[in-house]
Amino acid sequence: MPVKNAIQGIGRRIINAVWRIGLATRFFFLAVVYSGTSFRRFHLIIKELFSSGVMSLIIILVAGMFVGMVLGLQGYETLKRYGSESALGSLVALSLVRELGPVLAALLFASRAGSAMTAEIGLMKATEQISAMEMMAVNPIARIVAPRFWAGVISMPLLAALFSAMGIFGGYFVGVVQIGVDEGSFWSQMQSAVDFREDILNGVLKSFVFGTAVTVIALFEGYDAPPTAEGVSGATTRTVVTSSLAILMLDFILTAMMFGGK
Amino acid sequence: MERTTVDLWVGIFVVGGMAALVMLAMKVGNLSTYNVSETYEIHAYFSNIGGLKPKASIKSAGVLVGRVTEISLDTERYEAKVKMSLDKRYQFPKDTFANILTSGLLGEQYIGLIPGGDEAMIKDGEQIRKTQSAVVLEDLIGKFIYNKAEE
C-alpha cells in the first residue's frame, strides 16, 4: 500500500511540525517567565551580548557597507534615466531603513549567531551538561536559555541600526564621493523622505520581532536537538533554514501592517 | 563588580548601536527638522486636490512654512477640505492665495501660498478663501484635444 504509506508519512510530518510549534511556544513562554532570574544576574546577559552581538559586528558592518554601495550604484544607474539622481539619497535611506537593514541584519544574525547558539546548546545537551544542571537544581532555562534570548533581543535592533547607518555611508561614498551626485540634495531629499516614526521606529520594531524570532528558533532547536553529533548538525541547519524563512515571512506580514494600504 | 574586557566590548557595541540610531534619527530622518515650534491650524477648500497627500509641504516663496495635516471630502460642498498646520512664526494676510503646485515634472505636489495685501491676518481655525486646484494632466489634454477639434 504505497499510497497509504505516503499519506501516513505526510500526516506524520504535519503532526510532528505542529507538535514542535507547540513545544517551541511553550519554550518561548518559559524563557520569558524565567528571565527575571537572568536579569538579576545581568553579567550572564552581558557575556551573551558579547558572543552574539559584538562578535557579529564585523560581518554586519562590512555587509552593510557593501549593500549600501551596491544600492548607491544601482540606484544611480536607474534614477539617471529619469534625470532624478538627486533622489538617490532617499532611495538608499528608505530601502535600508525600512527593509534591507532589519531583514539582512537578521539573516546575517541568524547564520552568524543563531547557528552558534544552537550548536552550543545542542552540544551542552549531548555532553549532558543540561542534565547535570538539573541534578544540581539549577534551572537550565533560567541559566542558559533566558540570557541568550535577551541578548539576542537586545542586540538585534542595534545591529540593524548599525547596518542601516553603514549602508547609508556606503551609498554616500559611491553616490556622492565617487559618482558626484550633489551632496546637498542627497542629504536633504533623504531627510524629507524619511520619517522618524513611520520609517525608523517601524524598522526598529521589525528588528525587535526578528531578533525574538531568530533567538527563539535557535535556542529551541538547540534545546530540542537529539544528543548526537548528527542531531546537533541537523539542528544547526534547521535553525538557519527555519529562521531565515521566518524572517522573510514575518517581514511580509509586518510590512503589510506598517506600510500597506496607504 | 570587577571589570572585564567583555564589558568594554559590550559597552562599545551598545554605544555604537545607539549612536547609529541617533544618527539615523537626526541625519537621515526628519527629527532634527521636525516642527517643534508652535503651529496654528487653518483650512481651505479645493475643487480638486490632484495627488496631494497628508504631510505634503506648504511653501511660501519656496520656504517650508507648514504641512498638510488632514484631507477629507466635505459632503455639503463636494469639495476637498484640506487642513494645514502652519508655523506660528509665519503669519499670512486674509486674502492669501493657496495653489496646489507640483515640484518638477514628476515631483510630488505641495501647496504654495501667495500672500495678498490685506492688513488682517489669518487666525487659528480660519479658512483660506482663494484657492486654485491642482492641474490634472488628463484635463489639460482633454481641453487641448477639444480645442483642436474646434479649429
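Every number in this text was worked out from the coordinates using simple rules, so none of it is lab data. In this text, all values refer to a predicted model and were calculated from it rather than measured experimentally. Neighbour counts are summed over all protein chains in view; Cβ atoms, including those assigned to glycine, are modelled from backbone coordinates with ideal geometry.
For the pair A:Q178 and A:V3, the difference between a 0.36 nm per residue extended length and the Cα-Cα distance amounts to 56.7 nm. Computed over the range B:39-141, the alpha-carbon pair-distance distribution with 10 angstrom bins reads 16, 52, 28, 4, 0, each value a whole percent.
Each Lys or Arg adds one and each Asp or Glu takes one away; over the other residues whose Cβ falls under 15 Å from the Cβ of A:V92, this sums to -3. In the elastic network of chain B, a GNM with C-alpha springs shorter than 10 Å, the most mobile of B:E76, B:E38, B:E119 is B:E76. Is any residue of the range A:128-167 close enough, with backbone N under 17 Å, to a label point placed 7 angstrom from the Cα of A:T255 along the Cα-Cβ axis, and if so, which? From the range A:128-167, the list is A:164. Distance between the 7 Å Cα→Cβ label points at B:I12 and A:R13: 4.7 nm. The lysines whose alpha-carbon is closer than 17 Å to the alpha-carbon of B:K59, local same-chain residues fewer than 8 away aside, are B:K83, B:K88, B:K94, B:K130. Altogether, the Stokes-Einstein calculation at 25 °C and 0.890 mPa s, with the Kirkwood radius of the range A:29-135 over Cα pairs as Rh, returns a diffusion coefficient of 143 µm²/s. The distance separating the Cα centre of the range A:128-153 from that of the range A:165-216 comes to 37 Å. For chain A, the relative contact order comes to 31 percent (Cα pairs under 8 Å, sequence separation of at least 6). Using the Cα centre of chain B as origin and beta-carbon charges of +1 (Lys, Arg) and -1 (Asp, Glu), tell me which of B:W9, B:I114, B:P54 is placed farthest towards the positive end of the dipole. So the residue furthest toward the plus end is B:W9. The relative contact order of the range B:39-141, computed from alpha carbon pairs under 8 Å that lie at least 6 residues apart in sequence, is 35 percent.
Taken residue by residue and averaged, Cβ atoms of other chains lying within 10 Å of the Cβ of A:184-194 number 3.
Classify the range A:108-262 from the C-alpha gyration tensor, please: rounded if a/c falls under 1.5, else prolate or oblate depending on whether a/b exceeds b/c. Provide the component values of the computation, followed by the final result.
On the way: a/c = 2.86, a/b = 2.47, b/c = 1.16.
It is prolate, given that a/c is not under 1.5 and a/b is the larger ratio.
P(r) tail for chain A, what percent of Cα pairs lie past 36 Å? Spell out each step's value before the answer.
Details: 8793 of 34191 pairs.
That fraction is 26 percent.
Would you mind estimating how fast the range A:167-222 diffuses translationally, via Stokes-Einstein at 20 °C and 1.002 mPa s with the Kirkwood radius over Cα pairs, in µm²/s?
On the way: Rh = 13.8 Å.
Taking Rh from Cα pairs, D becomes 155 µm²/s.
Once both labels are positioned 7 Å from their Cα atoms along Cα-to-Cβ, the gap between B:A61 and A:T237 label points is 7.1 nm. Remark: the range A:2-259 carries a charge dipole of roughly 860 debye about the Cα centre, counting +1 on each Lys and Arg Cβ and -1 on each Asp and Glu Cβ.
Rounded to the nearest Hz, the phi-derived 3J(HN,Hα) couplings of the range A:154-162 under the Karplus curve 6.51 cos²θ - 1.76 cosθ + 1.60 (θ = phi - 60°) are 6, 6, 4, x, 5, 5, 5, 5, 5, where x marks glycine and proline. For chain A, a Gaussian network of Cα nodes joined below 10 Å ranks A:L104, A:L23, A:L73 by mean-square fluctuation, and the top entry is A:L23. 3J(HN,Hα) along the range B:87-101, derived from phi through the Karplus expression 6.51 cos²θ - 1.76 cosθ + 1.60 where θ = phi - 60°, amounts to 5, 4, 5, 10, 9, 10, x, 5, 9, 5, 9, 10, 10, 9, 10 Hz, with x in place of Gly and Pro. For chain A, the longest principal axis of the Cα atoms and the long axis of helix A:202-224 meet at an angle of about 30 degrees. Taking label positions 7 Å along the Cα-Cβ direction at both B:T102 and B:E70, the computed distance is 2.9 nm, reported to one decimal. Residues whose amide H comes within less than 5 Å of that of B:S60, counting only those at least five positions distant or on another chain, are B:V65, B:L113 (H built at 1.01 Å from N in the peptide plane).
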